[in-house]
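*Asks:* What follows is a single structure, and I will ask about it in a moment.
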Amino acid sequence: MNDERLSRPRAQAQAAVLNASPIEAADPVLHAGLQRVYYILTTGLAVTAMTAWLVAHVDALYNLCFDTPLRFLFIFGFLFIGLFESALKKMPAKMLQAAFYGFCAVMGVTFSYIFEVYTSVSIVNTFICCIALFSAVSLYGHRTKRDLHGMAVFMGMGLTGLFIAWVVSGLGHAAGLIEGRSAVWDFVTAAVGTTCFTGLAAWETQNMRDGYKIEGPHTLEGRHAFLNAFGLYFNFLILSQYLLMLLGQRKG
């Protein structure tokens, strides 16, 4: 949901925002708007966490989700944002709200596997670390006067390279050219992914701040608040997975 924002058609206005005085930056309406977006993000993450725990610990739910054709919905749930991005932008607020929380629940089912792979203590610890990291970089993105657009483009390029490497690795395993898992490969991909999504989290927040300054309070209200929450949610979710690869303790 970031492509058109990365095009940066508002460069001159952004420069004015970045040069704003501290008094202008301390805008109570802006703060209220950001709090609204992050409240939506927090409730969405709570839905995901509760859904993941329930599916992992209630056999009937697990069987319903993964032993029926419904499993394809949860396996390919990530495609939802890409396939329906244009539709999401046109939805009224109530429908968008339902779509957001529905997507959060689907992602909870999708990522319920982590309770089978990692210990509960390491999942909780990693989640706390992710919250702290995400909060810190979001605060940086809100406060800094540095234009983070260039960094966001660079991070996007890094993710593209990571995706290409992932596809090549998958094809290599399928063709029998690569056997087993590589601890070094897992560490490198997790480190690169963590770095990229950490940088993008800061840019997302700065982009919301600049959008408010340039276009007005409506960019953090109603349906726009949920659109912003979608981007932050996706960022947080993937960041948490990469951190789990780095910090999580596997069972057995």
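The values are calculated or read from the model by the stated rules, or taken from the named source; none is laboratory data. None of the values given here were measured: they were computed from a predicted structure. Virtual Cβ from ideal backbone geometry, glycine too; neighbours counted across all protein chains shown.
*Asks:* Run Phe163 past the list (1) at pLDDT below 90; (2) within 19 Å of the chain's Cα centre (by Cα); (3) under 29 Å from Leu220 (Cα atoms); (4) not hydroxyl-bearing (Ser, Thr, Tyr) and report the number of the one that doesn't hold.
*Replies:* Among (1) at pLDDT below 90; (2) within 19 Å of the chain's Cα centre (by Cα); (3) under 29 Å from Leu220 (Cα atoms); (4) not hydroxyl-bearing (Ser, Thr, Tyr), the lone unmet condition for Phe163 is (3).
*Asks:* So Phe127 passes all but one of these: (1) of a type outside the set (Asp, Glu); (2) in contact with a Ser or Thr (Cβ under 9 Å, 6 or more places away or on another chain); (3) crowded, with 20+ Cβ neighbours inside 10 Å. Which condition number does it fail?
*Replies:* (3)
*Asks:* Would you mind stating whether Leu177 is modelled with pLDDT under 90 and outside any helix (DSSP H, G or I)? Steps first, answer last, please.
*Replies:* Details: modelled with pLDDT under 90: yes; outside any helix (DSSP H, G or I): yes.
Judged against the criteria, Leu177 is a match.
*Asks:* Give me a count of the residues in segment 189-231 that are more than 20 Å from Arg146 (Cβ to Cβ) and among the hydrophobic types (A, V, I, L, M, F, W, C).
*Replies:* Of the residues in that region, 9 qualify.
*Asks:* Being touching a Phe, Trp or Tyr at 6+ places or on another chain (Cβ under 9 Å), at pLDDT 90 or above, over 24 Å from Leu220 (Cβ atoms) and assigned to a helix (DSSP H, G or I) is the requirement here; does Ala56 meet it?
*Replies:* So Ala56 passes the test.
*Asks:* Only one of Val117, Val124 is more than 21 Å from Val47 (Cβ to Cβ) and either of a type in the set (A, V, I, L, M, F, W, C) or touching a Pro at 6+ places or on another chain (Cβ under 8 Å) (or both). Can you tell me which?
*Replies:* Being more than 21 Å from Val47 (Cβ to Cβ) and either of a type in the set (A, V, I, L, M, F, W, C) or touching a Pro at 6+ places or on another chain (Cβ under 8 Å) (or both) holds for just one of Val117, Val124, which is Val117.
*Asks:* Considering only residues that are outside any helix (DSSP H, G or I) and either of a type in the set (S, T, N, Q) or within 30 Å of Pro69 (Cβ to Cβ) (or both), which ones fall in segment 109-161?
*Replies:* Tyr118, Thr119, Thr144
*Asks:* Return the residue satisfying two criteria in turn: it lies in segment 190-241 and is charged (D, E, K, R) and in a helix (DSSP H, G or I), and of such residues it is surrounded by the fewest Cβ atoms within 10 Å (Cβ to Cβ). Can you show your working first?
*Replies:* First pass over segment 190-241, keeping only residues charged (D, E, K, R): 204, 209-210, 213, 215, 221, 223.
Of the ones still in play, those that are also in a helix (DSSP H, G or I) are 204, 209-210, 213, 215, 223.
Numbers: Glu204: 26, Arg209: 25, Asp210: 25, Lys213: 20, Glu215: 13, Arg223: 18.
Within segment 190-241, the match that is surrounded by the fewest Cβ atoms within 10 Å (Cβ to Cβ) is Glu215.
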